[in-house]
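Undergrad: Okay, here's the structure, questions in a sec.
All of the numbers you see were taken from the coordinates with simple rules; none came from a lab. On a predicted model such as this, the values are computed, not experimentally measured, just so you know. When we count neighbours, we look across all protein chains shown, and the Cβ atoms used for this are built from the backbone with ideal geometry, even at glycine.
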């Protein structure tokens, strides 16, 4: 466990570096993604009871290294979802996060993805990530770049497993949808 | 326009009215229809655009939220099925154009910042701004524009249809009204023709034919009634004129006859007048001759009988003296009679000539006293002579006036015995001026009222017996009366039987006379009025009963 942590710490600069080089993670891209995280709340329906009692905040969690900086806070400032306030929770480890409704898994958690997903294998959490093939590995929404624009893929099976209903209008925007039976479409 | 219309014939007017009415009605209907159509079209397109905008906003909400311009364009591209939408756009939250759509053949619009939500009709375009709201949050605006081309083309279409309908219906109205106008225009035209025929031919027996029972029928009936009245009046007038002409002719003939008769009568009168004048001249000549012829032998008889009487008295042959005196008296009486007759004749023939003078009253009184004194003494009468104004003057013919006065005095003396005869001169002022009154009063036998009228008639004494008893020609008063009147005066009588009489000569007072009035009086007297006129003038001032028989 300690070795895994140590590795992660060692690799972190490399990942950052590669991400910067390969993914062209610009400031505007961060803002777009932050806005998207918030916007997902409008097209996703959580199972009853998952949002807690009325007035309880909708929580957006960031696990691992935070790539947004202040962009996420700015994106949700003075905004609500389902008439509830929005709370942001950030932690380097997923285990430290409780009551997440949207969980952004940082690219820094790529190596520990399966453990992370397992750790939060409970209904009512929309998982989002920049990690490649995130949706193939059990994640629900994965950011992708198409023509230097931020788009996303959706794993409908995972969403169903998490008992989340994703709006057709959102699905229409998805570059790829994974679904058992259809096997996915583009 | 109105003047031209007013001068149109009835037919054209009716047709024009029908067509104008039809056209106006159709135009109004078409306009109303078009306006309604435009309004409802606008409403429907407005509603449609709003609906489309709503749908687009719903469909593009996610794309805007996730900044997916392509998805938004795809959504807008669905507008290809809506040809009414000329262009469309989606603005993001900040008002920047996020996605744009333009109809195939249109140029892309230069878009500006979005306006407030709502619909705008402007510059022939309908614009709709509709908000994109997700979960109560406004994330963008959908913009739609319709250029109303359709409504314009539809309007054009309507106009074409309306024009077509208008043309067709005008044509139909023309045909129908051309046929129908005859119902109204035919009787009127017939009436007008009849009226012109009547006025041209002056034939009032012409009648218009009544073909309908409406107001025009009434008009025709009234026209015919009027014509009947005119005709009857015309005939009456003609008859009256004929009658008048006939009457005028008759009257003319009558007048001609009358004129001829009058002319004859006039000729007769003229002849009669000439004959009368002739005979008058003959009479005057006869009188003048007679005056001379009668007096000459009579003077011889009187003269010789006087001489014989003187001789007989001288020789003492008294038995002849009395007879000769009788002859002498008879001769003198005859001479007086002849003189009276001649005087009267002269007066009545208008030949009496007067010589008017102004002389003293006193002279007249003195002469009268001298002459009357012996006469008064015969019947033992007392003669009294007096005057109010002894210095007065009288204007008259002295000889003739004295004759008149003496006549009255001698009458008074003759019909009074043992009484008195009074001559007095006085003056009286009347409304006809100042008069001089010569009153001869006696205390004699008097005259009965019934006899007064006869007094001044020629050859009249009160009764025949008196003539014998008192003698006289019976002409004295008649002559005096006429002479006084010729001199401007007149004689009145007051008498009571048994008490006496008063004969008064009234003469205009000479003292008040001016030269001109004297002259006018003279000329008036010298006119020598006809005796009839003079005697016929019985109306005299102070006229009292006339009486007392004539005393020659």
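Undergrad: D for segment B:292-396, whole µm²/s, Stokes-Einstein with Kirkwood Rh over alpha-carbon pairs at 4 °C and 1.567 mPa s: what number? Walk me through the numbers on the way to the answer.
TA: Values: Rh = 17.4 Å.
D, rounded to a whole number, is 74 µm²/s.
Undergrad: Compare the peptides B:280-286, B:88-94, B:418-424, A:139-145 by average per-residue count of other Cβ atoms within 10 angstrom and give them in order, highest first. Numbers along the way, then the final one.
TA: Values: B:280-286: 12.3, B:88-94: 20.4, B:418-424: 18.6, A:139-145: 22.7.
The densest-packed peptide leads the list: A:139-145, B:88-94, B:418-424, B:280-286.
Undergrad: If the convex hull of the alpha-carbon atoms of chain B is projected onto planes in all directions, what is the mean projected area in square nanometres? The partial results should precede the final answer.
TA: Numbers: hull surface 274.5 nm².
Taking a quarter of the hull surface, the average projection is 68.6 nm².
Undergrad: Roughly how crowded by other chains is peptide B:135-144, in terms of the mean Cβ count from those chains within 10 Å of each of its Cβ atoms? Before the final figure, lay out each step's value.
TA: On the way: counts 9, 4, 5, 0, 2, 0, 0, 0, 0, 0.
Rounded to a whole number, the mean comes out at 2.
Undergrad: Nearest 10 degrees, 0 to 90: what angle lies between the long axis of helix B:318-349 and the longest principal axis of chain B (Cα atoms)?
TA: For B:318-349 against chain B, the angle is about 10 degrees.
Undergrad: How big is the Rg/Rh ratio for segment B:198-318, C-alpha atoms only, Rh by Kirkwood, two decimals?
TA: Values: Rg = 45.3 Å, Rh = 24.1 Å.
That ratio equals 1.88.
Undergrad: What's the angle, to the nearest 10 degrees (0 to 90), between helix B:476-486's Cα axis and the longest principal axis of chain B?
TA: Helix B:476-486 sits at roughly 40 degrees to that axis.
Undergrad: Here's another thing I want to ask about it. In Å, what Kirkwood hydrodynamic radius results for segment A:42-186 from the alpha-carbon pair distances? All intermediate terms of the calculation are to be shown ahead of the outcome.
TA: Details: mean 1/r = 0.0643 Å⁻¹.
15.5 Å is the Kirkwood radius here.
Undergrad: Relative contact order, percent, of segment B:164-262 when contacts are C-alpha pairs under 8 Å separated by at least 6 residues? Let's see the in-between values first.
TA: On the way: 35 pairs, mean separation 18.8, N = 99.
Reported relative contact order: 19 percent.
Undergrad: Average partner chain C-beta neighbours within 10 Å, per residue of B:502-509?
TA: Values: counts 0, 0, 0, 0, 0, 0, 0, 0.
Taking all residues of B:502-509 together, the mean is 0.
Undergrad: Taking only Cα atoms, what is the 0 to 90° angle, nearest 10, from helix B:361-378's long axis to the longest principal axis of chain B?
TA: Roughly 50 degrees, rounded to the nearest 10.
Undergrad: What ratio of Cα Rg to 2.2 N^0.38 Å holds for segment B:1-90? It would help to have the intermediate numbers written out before the result.
TA: Values: Rg = 26.8 Å, N = 90, 2.2 N^0.38 = 12.2 Å.
Cα Rg divided by the expected 2.2 N^0.38 Å: 2.20.
Undergrad: For A:104, B:120, what's the fewest-to-most ordering of other Cβ within 10 Å of each Cβ?
TA: Numbers: A:104 27, B:120 13.
Ordered by Cβ neighbours within 10 Å, fewest first: B:120, A:104.
Undergrad: Listing B:479, B:302, B:188 from the residue with the fewest other Cβ atoms within 10 Å to the one with the most, what is the order?
TA: Numbers: B:479 26, B:302 19, B:188 15.
With the fewest neighbours first, B:479, B:302, B:188 line up as B:188, B:302, B:479.
Undergrad: Based on Cα coordinates alone, diagonalise the gyration tensor for segment B:97-139, multiply each eigenvalue by 5, take square roots, and list the semi-axes in whole Å, largest first. Could you put the intermediate results ahead of the total?
TA: Details: eigenvalues 99, 45, 16 Å².
The answer is 22, 15, 9 Å, longest axis first.
Undergrad: Can you tell me the Rg and the Dmax, both Å, for the Cα atoms in segment B:70-128?
TA: Values for segment B:70-128 (Cα only, Rg and Dmax): 11.6, 31 Å.
Undergrad: Here's a follow-up. Rounded if a/c is under 1.5, else prolate if a/b is larger than b/c, else oblate: which is segment A:79-152, with a ≥ b ≥ c the root eigenvalues of its Cα gyration tensor?
TA: Details: a/c = 1.84, a/b = 1.14, b/c = 1.61.
Here segment A:79-152 falls in the oblate category.
Undergrad: Counting only DSSP beta bridges with both residues in the protein assembly as shown, what percent are antiparallel, rounded to the nearest 5? Before the final figure, lay out the partial values.
TA: Working: 64 of 89 bridges.
If we restrict to bridges inside the protein assembly as shown, about 70 percent are antiparallel.
Undergrad: Let me know the shape class of segment A:44-113, please: from the alpha-carbon gyration tensor, a ≥ b ≥ c as square roots of the eigenvalues, rounded when a/c is under 1.5, otherwise prolate if a/b is greater than b/c, or oblate. Please report the intermediate quantities before stating the final value.
TA: Details: a/c = 2.47, a/b = 1.46, b/c = 1.69.
Note, shape of segment A:44-113 comes out oblate.
Undergrad: Across the residues of B:65-72, average count of Cβ atoms on other protein chains within 10 Å? Could you put the intermediate results ahead of the total?
TA: Values: counts 10, 15, 8, 7, 1, 5, 4, 1.
Averaged over the peptide's residues, the number is 6.
Undergrad: With a 10 Å Cβ neighbour count serving as the proxy for reagent exposure, in which order, fewest first, do B:491, B:134, B:259 appear?
TA: Values: B:491 24, B:134 18, B:259 10.
Arranged by neighbour count, lowest to highest, B:491, B:134, B:259 become B:259, B:134, B:491.
Undergrad: So what is the relative contact order of chain B, in percent, for Cα pairs below 8 Å that sit 6 or more residues apart?
TA: It rounds to 9 percent for chain B.
Undergrad: Report, in deg cm²/dmol and to the nearest 500, the calculated mean residue ellipticity at 222 nm for chain B, where each DSSP H run with n ≥ 4 adds -39500 (n - 2.57) and the sum is divided by the residue count. Kindly include the intermediate steps, with their values, before the conclusion.
TA: Details: 12 runs with 327 residues, N = 552.
That comes out to -21000 deg cm²/dmol.
Undergrad: Now a separate question. Take each of the peptides A:130-136, B:49-55, average the number of other beta-carbon atoms within 10 Å over its residues, and list them starting from the highest. Before the final figure, lay out the partial values.
TA: On the way: A:130-136: 19.4, B:49-55: 17.3.
Answer by packing, highest mean first, reads A:130-136, B:49-55.
Undergrad: Okay, next question. P(r) for the protein assembly as shown: what percent of alpha-carbon pairs falls in each 20 Å bin, starting at zero?
TA: With a bin width of 20 Å, the distribution comes to 11, 19, 9, 6, 7, 7, 6, 7, 10, 10, 4, 1, 0.
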